[in-house]
Amino acid sequence: MDKLFKSQRDIAKDEIKGIQWEPLESVDQLHNLVKNSNLKTKVIFKHSTRCGISRMALSSFERNYENLDQNVTYYLLDLLNFREVSNSIAEELKVQHQSPQVIVLKDEKIIHTESHHGIDIKKIQSLIK
């Protein structure tokens, strides 16, 4: 019943537990995080709050997450509310738009990307150790 009175953004926040997610909400923020990936690895999870597969992938990602590396920042992109950010990712980073999708950035380059059922937090964590 509560979900009837919540925005999609609030629903998305309710779905997110475990990982300390930073919301990714602007193209300027995207540019900054790419630049700062020289200092700290960045993981972007592109999530559609209306998609069952996306919810499943996010849940699995969080369920298997272990806080092994403090030198990583995790970003959540709500595709329904911030589609222009996803479009910028596709255009500027030369990665095809998919949802759900995980993109790992290090030294201003994509070191890993995966989508749908291929999203695996354990693989990502092994890459960023």
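The values are calculated or read from the model by the stated rules, or taken from the named source; none is laboratory data. Note that the structure is predicted; figures quoted are calculated from it, not measured. Ideal geometry is used to build each Cβ from the backbone, glycine not excepted, and the neighbour counts take in all protein chains shown. Accessible surface is based on the protein model in full, side chains and every heavy atom, while ligands, DNA and RNA are left aside. Shrake-Rupley method; radii C 1.70, N 1.55, O 1.52, S 1.80 Å.
For segment 60-114, what are the residues that are crowded, with 20+ Cβ neighbours inside 10 Å, in a helix (DSSP H, G or I) and not aromatic (F, W, Y)? Scanning segment 60-114 gives V85, S86, I89. Could you check segment 1-40 and list, in sequence order, the residues that are open to solvent by less than 10 Å² (accessible area, probe 1.4 Å), within 13 Å of the chain's Cα centre (by Cα) and at pLDDT 95 or above? Answer for segment 1-40, where residues must be open to solvent by less than 10 Å² (accessible area, probe 1.4 Å), within 13 Å of the chain's Cα centre (by Cα) and at pLDDT 95 or above: L24, L30, L33.
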